[in-house]
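Working notes, structure below.
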Amino acid sequence: MMVMQEHTAKAFDADLQDLSRMVAEMGGLAEKQIADSIDALTKRDSVRAERVIAADLAIDNLQREIEDRSVLTIARRQPMAVDLRQIVSALRIANDLERIGDLAKNIAKRVLPITTEFHPQKLIRGVEHMSALVLAQLKQVLDSYASHDVEKAMAVWNGDEEVDAICTSLFRELLTYMMEDPRHITFCIHLMFSAKNIERMGDHATNIAETVYFMVQGRPITDERPKGDTLAALAAEH
Amino acid sequence: MNTMVKVSDIVPAAEAHAPEHGTKVVARDVNVYYGEKRALFDVSLDIPARSVMALIGPSGCGKSTFLRCLNRMNDTIPIARVTGRIEIDGRDIHSADLDVVQLRANVGMVFQKPNPFPKSIYENVAYGPRIHGLARSKSELDGVVESSLRRAGLWEEVKDRLGDSGTGLSGGQQQRLCIARAIAVSPEVILMDEPCSALDPIATAKIEELMDELRENYTIVIVTHSMQQAARVSQRTAFFHLGILVETGPTEKIFTNPSDKKTQDYITGRFG
């Protein structure tokens, strides 16, 4: 991490620290929402699902607070260079975290209709495994944001491949279940959407990694991102 | 001072691409001494034609000193000594056969405080062209005065009272009158030393708007303490610190992602 000298105007440092703290807090909430929504899904716990749905409001509120504070800081301080990038990054990351929150809420909503007997453990394990990966990715990228650690951000950026690959294999498996017995379709579709939601959370973690890179280096990542997602190719097969 | 790394040595090759309208001013290894005190250290800087170059840096960093080298204003200070080479359009401005009066007509200057002559608005603008013999007749001189005031964005406000005293105008109008006066002798380079620091925000905005128009025809070098102003008006920025040119580059790069930590600390308000 680059050692950053303090501003002559100390209140400016406080403004920036507050923004970082709010982003970290929002990140913590998003992580909890992911874990809780997956827990509710695997245990078919509708009470917990309702709680996840209600808790999304706190994330939305934090996003608004971050936006207000960012706009105010820009207006008040006319930030330049690294300071400006830090504020723009807070806005962008808050946006990604808000989307992650929405996706978790969407998974929680799907818990309620899934009450069938059909509940193959293998599929549930797949979703669990995927969400654990995404959670680890999110945690790591939030760490990289807090510590301005570009290498850690790059690791997240490169790690999205595995999540995509699991999502594809899950899709393949769900297809076979649905072809076996049409009564499984409702459940499988909900699970598929949940898996897709988790995969999208991973994409948002990747976005955040890109933002961290931009914040620290002042330029976008230029490498080609590895892709494990072959859903499009798969769709063409079937 | 032999260990000093010159900016020309560290500017990456990609930076050295040819500017759109060529290079107007070339400064190489410029040093300025005020008596024993050295104010500039081996400054080498290219200023592209028909663009705005902003010089920024904390007080006493040498930016105004460098600016004053470009029309040999430092000659007027007895203890000042300038070494190094400065070329405008390839011509050495220190060469023996160069007429310094002609140089200063060619390289106009606008100062921090508006300094109109205590004469009429018309005379303020007409004075230069008249003594340089740029107008052969009264009607030609009228034409020069009008076009200069128009280019300075002042014509509409003063056309009905050209006989009034220049000092009776508002601060912003006076500054635009000084710009009109500088333009009247058809300079190619205009130096501005904190031209807006005595003006209110609206008058400042008008001068900035004017600079944007003027750069189509002139090369402008501005010294400013307002980082935001430098970011708004210039295409290239040079950052000075303790008499050393620390970093120069496209303005958008200097203000979004400077290469040097000193530059970053200065523009983000972390200095010292």
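The values are calculated or read from the model by the stated rules, or taken from the named source; none is laboratory data. Predicted model only: the values in this text are computed from it and were never measured. A quick note on method: Cβ atoms are made from the backbone with ideal geometry, for glycine too, and the neighbour counts reach across all protein chains shown. Protein only, heavy atoms only, side chains kept; ligands, DNA and RNA dropped before computing areas. Shrake-Rupley method; radii C 1.70, N 1.55, O 1.52, S 1.80 Å.
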Note on the stretch B:253-270: residues in contact with an Asp or Glu (Cβ under 8 Å, 6 or more places away or on another chain) and either more than 7 Å from chain A (Cβ to nearest Cβ) or not in a loop (DSSP other than H, G, I, E, B) (or both) are B:ILE254, B:SER259, B:ASP260, B:LYS262, B:THR263
Counted residues in the stretch B:200-234 being away from chain A (no Cβ under 14 Å) and open to solvent by 60 Å² or more (accessible area, probe 1.4 Å) come to 9
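Matching residues to (1) in a strand (DSSP E or B); (2) modelled with pLDDT of 95 or more; (3) open to solvent by less than 50 Å² (accessible area, probe 1.4 Å):
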{"position": "B:PRO78", "(1), (2), (3)": "no, no, no"}
{"position": "B:SER95", "(1), (2), (3)": "no, no, yes"}
{"position": "B:LEU98", "(1), (2), (3)": "no, no, yes"}
{"position": "B:PRO114", "(1), (2), (3)": "no, no, yes"}
{"position": "B:TYR122", "(1), (2), (3)": "no, yes, yes"}
Exercise for the section: Taking B:GLU208 as the residue in question, decide whether it is out of contact with any strand residue (DSSP E or B) (no Cβ under 9 Å at 6 or more places or on another chain) and in contact (Cβ under 8 Å) with a residue 60 or more places away in the chain. Expected result: no
A:THR73 fails exactly one of (1) open to solvent by 10 Å² or more (accessible area, probe 1.4 Å); (2) within 14 Å of chain B (Cβ to nearest Cβ), namely (1)
Any hit, the stretch A:29-48, residues being without any contact (Cβ under 8 Å) to a residue 60 or more places away in the chain, more than 15 Å from A:ASP96 (Cβ to Cβ), in contact with a Leu (Cβ under 9 Å, 6 or more places away or on another chain) and not polar (S, T, N, Q)
no
Query raised in the report: Could you say whether any residue in the stretch A:188-203 is open to solvent by 50 Å² or more (accessible area, probe 1.4 Å), over 27 Å from A:ASN95 (Cβ atoms) and modelled with pLDDT of 90 or more?
Result: yes
If we ask which residues in the stretch B:32-68 are within 12 Å of the chain's Cα centre (by Cα) and hydroxyl-bearing (Ser, Thr, Tyr), their number turns out to be 3
Counting only residues that are part of a helix (DSSP H, G or I), within 14 Å of another protein chain (Cβ to nearest Cβ) and not basic (Lys, Arg), the stretch A:1-29 contains a total of 6
Scanning the stretch A:156-185 for residues that are in contact with a Phe, Trp or Tyr (Cβ under 9 Å, 6 or more places away or on another chain) and open to solvent by 50 Å² or more (accessible area, probe 1.4 Å) gives A:ARG183, A:ILE185
* Just a yes or no: is a residue in the stretch B:184-194 more than 14 Å from chain A (Cβ to nearest Cβ), in a helix (DSSP H, G or I) and open to solvent by 10 Å² or more (accessible area, probe 1.4 Å)? -> no
Residues of the stretch A:30-53 being in a helix (DSSP H, G or I) and open to solvent by 60 Å² or more (accessible area, probe 1.4 Å), in sequence order, are A:LYS32, A:LYS43, A:VAL47, A:ARG48, A:GLU50, A:ARG51
Note on A:GLN78: of the conditions (1) open to solvent by 20 Å² or more (accessible area, probe 1.4 Å); (2) within 14 Å of chain B (Cβ to nearest Cβ); (3) modelled with pLDDT of 95 or more, unmet is (3)
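Yes/no per residue for (1) open to solvent by 40 Å² or more (accessible area, probe 1.4 Å); (2) out of contact with any helix residue (DSSP H, G or I) (no Cβ under 8 Å at 6 or more places or on another chain); (3) under 23 Å from B:ASP260 (Cα atoms):
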site	(1), (2), (3)
A:VAL23	no, no, no
A:ILE59	no, no, no
A:LEU62	no, no, no
A:GLU67	yes, no, no
A:ILE87	no, no, yes
A:ALA94	no, no, no
A:LEU97	no, no, no
